[in-house]
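For reference, the structure is listed below as structure tokens.
The values are calculated or read from the model by the stated rules, or taken from the named source; none is laboratory data. These numbers come from a predicted model, not from an experiment. Virtual Cβ from ideal backbone geometry, glycine too; neighbours counted across all protein chains shown.
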Amino acid sequence: MPKTWRGVWFCCLLIGWLFAGCVAPPFYSYLVYENPTSFVRLEVSPWVDPDVPQTLNEHPATMSRRQMIEALSGLRVREYRSGPIRWIRGLADPEPAFNKEEIDLLVPRLLEGLGLAVPQELVTFYISHPVNATKREVTSGGMYVRDGHLHVIISNHRTNYEIPPAGLIYDRRYPLFSLAPLDVDLLYETEEAVLPKKKNFWDAIFGDEHSGEIVLNLSRLSMMKM
């Protein structure tokens, strides 16, 4: 769908929600890719206020394939340990957030999504792997660009989800919703590419700076060697 028509369509969608009153809006605004175990789609950013320009994302956004590969392959997760536990056991070893197959699946679809998104949207992703007949392992989150930085959100990482016999299946409907408390810290292999987080003294002491979002400097990604 051309970007001009995507913008017109998004405006029509907002108007439709307004006139619909209490009718629930769609879960997403555009489906980029879907198969039985994964998807990439565009959703309305929950933090965007059209009347506050600084909350808008810099979309559509263009990234090179190399930048996206660097962004995903450099992401690391580490078991979250609060201050007291960290003092006793130390830090856990980091491991890649995505494997090669997941990166190969996500890269072209995330690039397409960022190129199609309007400022009120972000790109969300979902990947699952079956554990048994009633349980699957879910990794999901989102991505958006603002102020020359790529924001990556991990809402679930290898989270076990028990498929209900009936009713809503939340993991596929809400990729930004954490199915359980996030038990990992999100890191990047090269600290120079990460926008430092603001944290106070007590956060540093007790480990309460725990977050599932990381902000990467796109210009730094461009300079990295693959």
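Residues 29, 128, 38, 73: which one is modelled with pLDDT under 95 and either of a type in the set (A, V, I, L, M) or touching a Phe, Trp or Tyr at 6+ places or on another chain (Cβ under 8 Å) (or both)? When all the criteria are applied, what remains is 29.
Would you check if there is a residue in the stretch 121-144 being of a type in the set (Asp, Glu), assigned to a loop (DSSP other than H, G, I, E, B) and closer than 19 Å to residue 214 by Cα? No, every residue in the stretch 121-144 fails to be of a type in the set (Asp, Glu), assigned to a loop (DSSP other than H, G, I, E, B) and closer than 19 Å to residue 214 by Cα.
Candidates are the residues of the stretch 76-119 that are assigned to a loop (DSSP other than H, G, I, E, B), at pLDDT 95 or above and not hydrophobic (A, V, I, L, M, F, W, C); the one that is nearest to residue 189 (Cα to Cα) is 99.
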